[in-house]
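Values quoted throughout were computed directly from the atomic coordinates according to the rules given, and no laboratory measurement underlies them. Note that this is a predicted model, so its numbers are computed, not measured. As a convention, Cβ positions derive from the backbone with ideal geometry for all residues, glycine included, and neighbour counts pool all protein chains shown.
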Amino acid sequence: MGKLLLAGLGGFIGSALRYAVAGYVQYRSRSIYFPYGTLAVNLIGCFVIGFLSQLSETRGVFTAEARTLIFIGVLGGFTTFSAFGNETLNLWRDGENALAMANIAAHLVLCLAAVWLSRALAYEIWR
């Protein structure tokens, strides 16, 4: 299967997962003000990409085709930084400056920490 089809198939899977996970988390948070669903998806996506990229780089676990399917397709479809940007600007537009800044800070700090933590975890498991 061509890499374009693998990326497209993975994107479909990732987008469907994003819709389900973000919707579930947002529903469970009972918040109509803060985009917890998007934050959860970005944290999960950052954690998974950090973990799997550590395996890929140090163990050669994935073929080029598998990397296309998983990294570009599934995780590219799953993470939602475009939604993050739109939701942040909507908060600003609505005069919710503190929530907009909290959203930026939470995504930046927590998602970078998730990538670092998952890479460290993968390293410790397979060193």
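Across the options ALA114, GLY37, PHE81, the greatest Cα extent toward the positive end of the charge dipole of the range 32-124 (unit charges at beta carbon of Lys, Arg, Asp, Glu) belongs to ALA114.
One chain, two ends: PHE12 and TYR123. Fully extended at 0.36 nm per residue, the span grows by 37.0 nm beyond their Cα-Cα distance.
Basic side chains Lys and Arg get +1 at the Cβ, acidic Asp and Glu get -1 at the Cβ, and with that the dipole of the range 3-126 about its Cα centre reaches some 180 debye. Extents of the chain, taken as max minus min of Cα coordinates on every principal axis and listed largest first, are 48, 33, 23 Å. The helix-only estimate of mean residue ellipticity at 222 nm for the chain, built from DSSP H runs of length n ≥ 4 each weighted as -39500 (n - 2.57), is -27000 deg cm²/dmol after division by the residue total.
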